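The values are calculated or read from the model by the stated rules, or taken from the named source; none is laboratory data. Note that the coordinates shown come from a computational prediction; the quantities given were computed from them, not determined experimentally. Note: ideal-geometry Cβ built from the backbone for every residue, glycine included; neighbour counts use all protein chains shown. The protein model used for the area step is the full one, side chains on, heavy atoms only, and it has no ligands, DNA or RNA in it. Shrake-Rupley method; radii C 1.70, N 1.55, O 1.52, S 1.80 Å.
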Amino acid sequence: MKKRKLLVAVTGLSMLLGACAFTDDVDTTTISVDKKGAVKETIIEDFDKDYYDAAELSQMIEQEITEYNSRVSADGNVELSSCEEIADGAQIKVVIEYASFADYHDMNGRVLFAGTVSDAYNAGYEFVATQSADGQSIDGAKVLEMGDKYIVISEETLSIKTDGKIVYVSEGVSIVGDKTAVLPFSNKCK
């Protein structure tokens, strides 16, 4: 099996977490991942042009979701929860729920993994040095020894929010609260 290596310079996000759950109190683009791998994506973007239309955007998203769901499952693995203008119409907030991190990855074509460290390693990820909230570093081998701990891997510029306390993050990722980490730069995962 060819391993995909997450290098320090290109690692999107590797977080070891406690229990996770969906949260609604976000003010920036955020992904929440629960302990079973379900994903809630909240997208918040500028929406300040007169020709923007929230109803049209909602219809477009619904169409994309319908097409995806028809390809993968009759159960509807992805659902648009809401699409609304906020901040007096200056921004749009879109909330989409995915049955699994794999649905998020497959529908959007973006890296997202949620599961145990062992599962991530078996899926082809390798680990590099990470750091704790207090700046303590551990190397990739020590991360791998945490086989049953929960990990989320992403390469997107966004926040990841959890119910559990974030224990470690990759270099370049900021812990902005016990339960929130921010990846402030764009990169690619090998």
message: Give me the residue from region 41-84 that is closer than 12 Å to MET107 by Cβ and of a type in the set (A, V, I, L, M) and, out of that set, modelled with the lowest pLDDT.
response: VAL72
message: If the requirement is being buried (at least 16 other Cβ atoms within 10 Å of the Cβ), among the hydroxyl-bearing types (Ser, Thr, Tyr) and over 28 Å from ALA181 (Cα atoms), which of these qualifies: TYR68, TYR52, TYR125?
response: TYR68
query: Got at least one residue in region 155-171 being over 14 Å from the mean Cα position of the chain (by Cα), among the small types (Gly, Ala, Ser) and surrounded by fewer than 15 Cβ atoms within 10 Å (Cβ to Cβ)?
result: no
Cβ pairs under 9 Å, 6+ apart, first in region 158-177 and closer than 21 Å to TYR125 by Cα and of a type in the set (D, E, K, R), second at pLDDT below 80 and open to solvent by less than 10 Å² (accessible area, probe 1.4 Å): GLU171/THR11
Index of the failed condition, GLY124 passing every other in (1) on the phi > 0 side of the Ramachandran plot; (2) touching a Leu at 6+ places or on another chain (Cβ under 6 Å): (2)
task: Could you tell me which residue of region 17-40 is modelled with the highest pLDDT, considering only residues that are assigned to a strand (DSSP E or B) and open to solvent by 10 Å² or more (accessible area, probe 1.4 Å)?
output: LYS40
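Which one is surrounded by the most Cβ atoms within 10 Å (Cβ to Cβ) among residues in region 82-92 that are free of Cβ contacts under 8 Å to residues at least 40 places away in the same chain and under 22 Å from the mean Cα position of the chain (by Cα)?
In the first step, residues of region 82-92 are kept if they are free of Cβ contacts under 8 Å to residues at least 40 places away in the same chain; the result is 82-85, 87-88.
Restricting the remaining residues to those that are under 22 Å from the mean Cα position of the chain (by Cα) gives 82-84.
Details: SER82: 11, CYS83: 20, GLU84: 12.
Applying the filter and picking the extreme gives CYS83.
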- request: Of the numbered conditions (1) in contact with an Asp or Glu (Cβ under 9 Å, 6 or more places away or on another chain); (2) touching a residue at least 12 places away in the same chain (Cβ under 8 Å), ASN69 fails exactly one; give the number of that condition.
  value: (2)
